[in-house]
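Here is the structure we will look at.
The values are calculated or read from the model by the stated rules, or taken from the named source; none is laboratory data. Nothing here was measured: the structure is a model prediction, and the numbers come from that model. As a convention, Cβ positions derive from the backbone with ideal geometry for all residues, glycine included, and neighbour counts pool all protein chains shown. The area values use the complete protein model at the heavy-atom level, side chains included, leaving out ligands, DNA and RNA. Shrake-Rupley method; radii C 1.70, N 1.55, O 1.52, S 1.80 Å.
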Protein chains: 2
Amino acid sequence: MLEKTNLTLSVSEKQFNKQMKSLEEQLQSVQQKALSLKIPVLIVFEGWSAAGKGTIISKVLHPLDPRHFNVISTRRMSEDVLYRPFLWQYAKNTPQEGKITIFDKSWHRMILPEGKSTRKFSELEKERFYYDINAFENQLVDSGMLIIKFFLHISKDEQKKRFLALEKDKDTKWRVNETDWEQNKEYEKYQLRFSRMLESSDFEASRWTIVEADDKNHATIKVYKTLISRIENEISRRAQAAPKQELNETSDNGSKVENILGKVNLVNKTVEKDEYKKRLEELQHKISYLGYKLYSKRRSVVIAYEGWDAAGKGGNIKRLTQMLDPRGYEVVPIAGPTREELAHHYLWRFWKQMPKDGHLSIFDRSWYGRVMVERIEGFCSREEWSRAYKEINDMEFHLNNHGVIIFKFWLHIDKDEQLARFTSRQNDPLKQFKITEEDWRNRDKWDKYELAVNELLQKTSSSYAPWHIIESNDKKFARLKTLEIVTTELEKQLK
Amino acid sequence: MLEKTNLTLSVSEKQFNKQMKSLEEQLQSVQQKALSLKIPVLIVFEGWSAAGKGTIISKVLHPLDPRHFNVISTRRMSEDVLYRPFLWQYAKNTPQEGKITIFDKSWHRMILPEGKSTRKFSELEKERFYYDINAFENQLVDSGMLIIKFFLHISKDEQKKRFLALEKDKDTKWRVNETDWEQNKEYEKYQLRFSRMLESSDFEASRWTIVEADDKNHATIKVYKTLISRIENEISRRAQAAPKQELNETSDNGSKVENILGKVNLVNKTVEKDEYKKRLEELQHKISYLGYKLYSKRRSVVIAYEGWDAAGKGGNIKRLTQMLDPRGYEVVPIAGPTREELAHHYLWRFWKQMPKDGHLSIFDRSWYGRVMVERIEGFCSREEWSRAYKEINDMEFHLNNHGVIIFKFWLHIDKDEQLARFTSRQNDPLKQFKITEEDWRNRDKWDKYELAVNELLQKTSSSYAPWHIIESNDKKFARLKTLEIVTTELEKQLK
């Protein structure tokens with residue numbers, strides 16, 4: 001993509017000054033429109049060393065309202081970032097509705113040619129990066145985000161000239177290092193690699209714009225014009241788009257959904273009290289030890305708990321964590337989304353909570369709410385929840401690629417058992433607050449939930465993130481089974 | 001406080017096992033009650049090296065619901081923490097309603113005797129630490145938080161015994177270092193210092209409990225009993241407390257409030273266009289340079305913008321930030337609080353946004369909302385907003401002690417000018433979205449706001465965080481004045 005670029009394009013100072021005033025006004029005006037239409041805009045800058053990213057970003061910001069943009073610079077790698085799946089720092093910084101986020105360098109760094117010192121990735125790893133990047137961008141675009149990607153291209157001579165100029169000044173000397181010079185010396189090789197990267201991440205939904213940047217005036221104007229036209233296009237696309245689908249369409253053709261829950265045998269899944277106490281102690285001892293091993297091997301764990309109301313999630317989680325070092329895990333209770341969360345991609349609030357390497361995050365309810373409660377209550381459109389299965393699989397795939405060990409538990413009880421538990425809660429003054437009108441309303445929708453759960457079990461069970469159905473009519477049995485699954489798998493993975 | 005402690009207290013294993021079961025049940029039950037009453041509980045553990053903090057915390061957690069507690073361990077100091085006012089990491093981790101937060105070491109570390117290697121603070125600095133800590137704890141207690149502080153006390157012999165045992169085992173050897181041994185060798189000196197620390201931070205609202213910890217059984221039981229009785233007391237205190245004051249009481253006896261705004265002269269505060277452009281460029285150039293200087297000197301800046309609706313905050317902020325390196329500042333727009341924010345102390349959401357050393361945080365509206373909109377609209381009680389002046393002064397004092405440079409701007413226009421701007425916004429299709437029904441409603445309350453603003457200007461102007469009234473009928477004049485104040489002060493501070 002780069003070889004045929006005409007790098008001699010330039011704009012005179014006079015022309016530049018003449019055009020910029022109007023361009024700044026236009027950009028300001030489209031920002032206002034995007035804000036009022038609540039369009040989230042994500043802008044990416046990549047390019048050669050010394051191609052002028054910093055300068056151009058400053059120029060782009062100039063007319064913008066600083067309350068509605070932010071700039072994410074990913075140059076410095078903190079522990080927080082290094083110890084997490086590579087998309088984490090980007091996913092948690094994606095813009096909310098109406099905001100503009102500019103990434104100075106981006107997730108493409110994983111597939112960019114880096115200096116000699118950088119760790120080399122295998123072909124398989126690289127393929128996975130491409131898959132992750134594609135899935136990530138698609139997901140954002142599907143949710144209504146506008147992604148605009150720029151690659152700033154300069155010639156070998158121009159780059160050399162700029163390096164020398166930087167080195168000459170003692171204040172900027174530090175900005176040029178060996179890796180930079182390597183890029184210049186082996187310019188042709190790097191150009192080929194950049195091209196390959198650009199081609200393979202030039203997705204239909206989020207194309208690259210190559211910016212000829214030997215001449216800064218030309219580059220600035222091209223960036224401005226691209227931004228203005230892309231945002232304007234998005235504004236008119238929205239104006240023409242069919243009105244959003246009815247949100248309350250919740251029924252589904254369940255014919256193709258296998259009745260997985262119906263086949264679960266809940267009978268005789270019990271354990272005696274003495275046996276329970278003994279096994280529990282053994283397993284808790286084991287998991288406590290495995291917790292330290294996770295830390296020393298810098299592996300992380302994500303556990304998602306789902307299940308019927310009153311299935312015993314709280315007690316189950318407690319037995320799992322009781323002997324773990326409290327500095328090593330976090331329990332994340334998931335309630336309805338806040339206003340800020342609603343203004344982001346629905347996975348955003350889960351991304352933020354993903355554990356650092358060496359730690360466990362335990363979710364009490366999870367991202368599966370999208371295809372259960374949100375689907376059933378009509379909190380999202382059919383299109384949105386239908387898309388969610390793939391989005392969820394992609395996120396879990398990405399976590400797994402980073403080495404995260406994933407467990408997903410469905411705590412299963414039957415309808416009679418739930419009724420018995422609801423009634424007993426209502427009669428116990430200490431537990432009354434645990435049961436609300438909403439629980440009873442959800443109970444009335446048992447069949448709808450059953451269908452939704454069957455569908456998600458079918459569509460999101462994968463080799464890297466399988467579902468485990470935990471028979472929970474006997475809470476003790478359920479706790480032991482969960483602990484056994486976790487300890488067995490961790491022992492295997494941490495061998 | 002420590003010298004007279006009886007460290008021979010002990011509990012036999014048999015007695016211990018007999019009591020613990022019932023204590024665990026009681027603790028679990030008071031946690032549930034505290035949760036349903038939405039009481040936030042903050043527990044602090046301090047003590048001698050090897051006094052057994054870790055073990056006791058684990059034991060306390062044992063019966064608790066892991067979805068409703070978290071443990072904050074402040075042993076490792078990251079850049080994030082080191083480059084911020086010392087209360088920052090604690091303030092942003094205070095529990096929300098119904099949750100329990102346990103601090104394994106706390107803000108008292110600033111006044112604890114530390115090893116030889118630690119930086120020594122001057123008497124004045126120490127006095128400020130005490131003031132900050134007192135103010136911080138009082139603030140939390142006033143907002144309804146229960147603070148329970150434990151100091152684990154062991155004897156010289158016991159400590160030595162434990163150090164030797166730790167050193168004997170190769171897995172735990174690393175846990176004892178020179179500083180620890182120093183504590184043991186100079187035990188008496190340290191005991192005196194600990195005592196002094198405890199006495200001077202034994203506030204009425206948040207007393208210390210000294211736990212005799214030579215015998216672990218005794219220590220555990222004492223911690224349990226204290227927790228149970230303190231939480232129970234809080235529960236019955238709430239039950240007996242008078243019902244919360246009417247929230248809609250907003251009128252105030254304004255007789256003692258000086259009419260500061262009334263004396264502001266808005267006439268002739270204007271600037272010519274050419275003069276404006278020239279000055280603006282100079283000042284922006286200057287502030288851009290000062291931004292880098294802030295970074296290199298690791299000083300941080302907090303700027304709070306307040307002012308009448310349509311006074312021009314957005315445009316003013318834009319001129320201030322336009323030439324700053326976007327990686328060095330953040331603009332924080334403040335809207336109504338989210339559900340999560342409402343469940344915390346009202347300053348919590350601002351604490352979270354305080355800048356790292358070397359950076360600027362610019363707040364578009366701020367913590368002063370408490371004594372303006374929240375007061376006027378009855379979103380908080382009279383008692384709450386009356387208390388807020390001191391709370392705000394204390395927070396700003398603390399920031400200043402850390403070296404944060406604070407600016408507070410009131411952008412002032414008169415009522416006619418506001419009407420003209422509202423009308424012009426309404427007639428401009430591009431700006432219509434900026435004006436809402438609420439703006440008109442607020443305008444009707446002009447006099448109430450005027451009173452509230454006069455009062456806050458009077459009560460929260462301090463030498464370390466003065467208010468600046470910016471005459472803003474002419475926006476250009478206002479922008480220059482703001483920039484001049486900021487650049488002049490920064491030049492002075494960064495000399």
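Taking B:PHE86 as the residue in question, decide whether it is aromatic (Phe, Trp, Tyr), out of contact with any Lys or Arg (no Cβ under 6 Å at 6 or more places or on another chain) and either more than 12 Å from chain A (Cβ to nearest Cβ) or crowded, with 16+ Cβ neighbours inside 10 Å (or both).
For B:PHE86, the condition - aromatic (Phe, Trp, Tyr), out of contact with any Lys or Arg (no Cβ under 6 Å at 6 or more places or on another chain) and either more than 12 Å from chain A (Cβ to nearest Cβ) or crowded, with 16+ Cβ neighbours inside 10 Å (or both) - is met.
Scan the range B:201-210 and tell me whether some residue there is modelled with pLDDT of 95 or more, open to solvent by less than 40 Å² (accessible area, probe 1.4 Å), in a helix (DSSP H, G or I) and out of contact with any Asp or Glu (no Cβ under 6 Å at 6 or more places or on another chain).
There is no residue in the range B:201-210 that is modelled with pLDDT of 95 or more, open to solvent by less than 40 Å² (accessible area, probe 1.4 Å), in a helix (DSSP H, G or I) and out of contact with any Asp or Glu (no Cβ under 6 Å at 6 or more places or on another chain).
If you go through the range A:365-393, how many residues are touching a strand residue (DSSP E or B) at 6+ places or on another chain (Cβ under 6 Å) and either small (Gly, Ala, Ser) or farther than 17 Å from A:THR460 by Cα (or both)?
Matching residues across the range A:365-393 total 1.
Give just the number: which of (1) assigned to a loop (DSSP other than H, G, I, E, B); (2) modelled with pLDDT of 95 or more does B:GLN26 not satisfy?
The failed condition is (1).
Scan the range A:360-370 and tell me whether some residue there is within 23 Å of A:PRO95 (Cβ to Cβ), in contact (Cβ under 8 Å) with a residue 40 or more places away in the chain and small (Gly, Ala, Ser).
Looking for residues that are within 23 Å of A:PRO95 (Cβ to Cβ), in contact (Cβ under 8 Å) with a residue 40 or more places away in the chain and small (Gly, Ala, Ser), one finds none in the range A:360-370, hence no.
Among the residues of the range B:256-270, is any in contact with a strand residue (DSSP E or B) (Cβ under 7 Å, 6 or more places away or on another chain), open to solvent by less than 80 Å² (accessible area, probe 1.4 Å) and assigned to a helix (DSSP H, G or I)?
Scanning the range B:256-270 turns up at least one residue that is in contact with a strand residue (DSSP E or B) (Cβ under 7 Å, 6 or more places away or on another chain), open to solvent by less than 80 Å² (accessible area, probe 1.4 Å) and assigned to a helix (DSSP H, G or I).
Out of curiosity, is B:GLU13 open to solvent by 50 Å² or more (accessible area, probe 1.4 Å), at pLDDT 90 or above and either touching a Pro at 6+ places or on another chain (Cβ under 9 Å) or more than 30 Å from A:LYS313 (Cβ to Cβ) (or both)?
Spelling it out, B:GLU13 is indeed open to solvent by 50 Å² or more (accessible area, probe 1.4 Å), at pLDDT 90 or above and either touching a Pro at 6+ places or on another chain (Cβ under 9 Å) or more than 30 Å from A:LYS313 (Cβ to Cβ) (or both).
In this structure, does B:ASP80 turn out to be within 18 Å of the chain's Cα centre (by Cα) and among the acidic types (Asp, Glu)?
yes
Which numbered condition trips up A:LYS38, out of (1) within 12 Å of chain B (Cβ to nearest Cβ); (2) surrounded by 19 or more Cβ atoms within 10 Å (Cβ to Cβ); (3) in contact (Cβ under 8 Å) with a residue 40 or more places away in the chain?
(2)
Mind checking which residues of the range B:276-311 are assigned to a strand (DSSP E or B) and not aliphatic (A, V, I, L, M)?
B:TYR305, B:GLU306, B:GLY307 - these are the residues of the range B:276-311 that are assigned to a strand (DSSP E or B) and not aliphatic (A, V, I, L, M).
Before we move on, is B:ALA304 over 20 Å from the mean Cα position of the chain (by Cα), buried (at least 20 other Cβ atoms within 10 Å of the Cβ) and more than 8 Å from chain A (Cβ to nearest Cβ)?
The answer is no for B:ALA304.
Whether any residue in the range B:51-59 is away from chain A (no Cβ under 14 Å), among the hydrophobic types (A, V, I, L, M, F, W, C) and out of contact with any Gly (no Cβ under 9 Å at 6 or more places or on another chain) is what I want to check.
Looking for residues that are away from chain A (no Cβ under 14 Å), among the hydrophobic types (A, V, I, L, M, F, W, C) and out of contact with any Gly (no Cβ under 9 Å at 6 or more places or on another chain), one finds at least one in the range B:51-59, hence yes.
May I ask you to list the residues in the range B:469-495 that are in contact with a Lys or Arg (Cβ under 9 Å, 6 or more places away or on another chain) and either over 23 Å from B:LYS278 (Cβ atoms) or β-branched (Val, Ile, Thr) (or both)?
Scanning the range B:469-495 gives B:ILE470, B:THR482, B:THR487, B:GLN493, B:LEU494.
Take the range A:19-33 and flag every residue that is away from every other protein chain (no Cβ under 12 Å), without any contact (Cβ under 8 Å) to a residue 60 or more places away in the chain and not small (Gly, Ala, Ser).
Residue satisfying the conditions is A:LYS21 alone.
Which condition number does A:GLY144 fail, the rest of (1) open to solvent by less than 10 Å² (accessible area, probe 1.4 Å); (2) at positive phi being met?
(1)
Would you confirm whether or not the range B:159-168 contains a residue that is open to solvent by 80 Å² or more (accessible area, probe 1.4 Å) and touching a residue at least 60 places away in the same chain (Cβ under 8 Å)?
no
Name the residue, out of A:GLY328, A:GLY358, A:GLY312, A:GLY403, that is within 27 Å of A:ASP439 (Cα to Cα) and over 13 Å from the mean Cα position of the chain (by Cα).
Selected residue: A:GLY312, the only one of A:GLY328, A:GLY358, A:GLY312, A:GLY403 that is within 27 Å of A:ASP439 (Cα to Cα) and over 13 Å from the mean Cα position of the chain (by Cα).
Looking only at residues that are buried (at least 17 other Cβ atoms within 10 Å of the Cβ) and out of contact with any strand residue (DSSP E or B) (no Cβ under 9 Å at 6 or more places or on another chain) in the range A:99-113, which one is nearest to the other protein chains (Cβ to nearest Cβ)?
A:MET110
Determine which single condition A:THR55 fails, assuming it passes every other condition in (1) without any contact (Cβ under 8 Å) to a residue 40 or more places away in the chain; (2) surrounded by fewer than 16 Cβ atoms within 10 Å (Cβ to Cβ); (3) within 20 Å of B:ASP325 (Cα to Cα).
Status for A:THR55: all satisfied but (1).
Within the range B:1-11, does at least one residue satisfy the condition of being part of a loop (DSSP other than H, G, I, E, B) and within 29 Å of B:ILE392 (Cα to Cα)?
no
I'd like to check something: does the range B:71-82 contain any residue that is more than 14 Å from chain A (Cβ to nearest Cβ) and either open to solvent by 20 Å² or more (accessible area, probe 1.4 Å) or of a type outside the set (Phe, Trp, Tyr) (or both)?
No.
For the list (1) more than 12 Å from chain B (Cβ to nearest Cβ); (2) within 18 Å of the chain's Cα centre (by Cα); (3) open to solvent by less than 50 Å² (accessible area, probe 1.4 Å), I need the number of the one condition that A:LYS92 fails.
(3)
Which numbered condition trips up B:VAL30, out of (1) under 27 Å from the mean Cα position of the chain (by Cα); (2) closer than 20 Å to B:VAL141 by Cα?
Only one criterion is unmet by B:VAL30, namely (1).
Which of the following residues is in contact with a helix residue (DSSP H, G or I) (Cβ under 8 Å, 6 or more places away or on another chain) and either more than 25 Å from B:LYS185 (Cα to Cα) or open to solvent by 20 Å² or more (accessible area, probe 1.4 Å) (or both): B:SER22, B:SER49?
B:SER49
Got a number for residues in the range A:211-245 being within 25 Å of the chain's Cα centre (by Cα) and surrounded by 13 or more Cβ atoms within 10 Å (Cβ to Cβ)?
Final tally of qualifying residues: 5.
Out of all the residues in the range A:280-301, which are over 30 Å from A:LYS415 (Cβ atoms) and in contact with a helix residue (DSSP H, G or I) (Cβ under 6 Å, 6 or more places away or on another chain)?
Across the range A:280-301, the qualifying residues are A:LYS286, A:ILE287, A:LEU290.
Is it true that A:ILE148 is within 23 Å of the chain's Cα centre (by Cα), within 21 Å of A:ALA51 (Cα to Cα) and of a type outside the set (Phe, Trp, Tyr)?
yes
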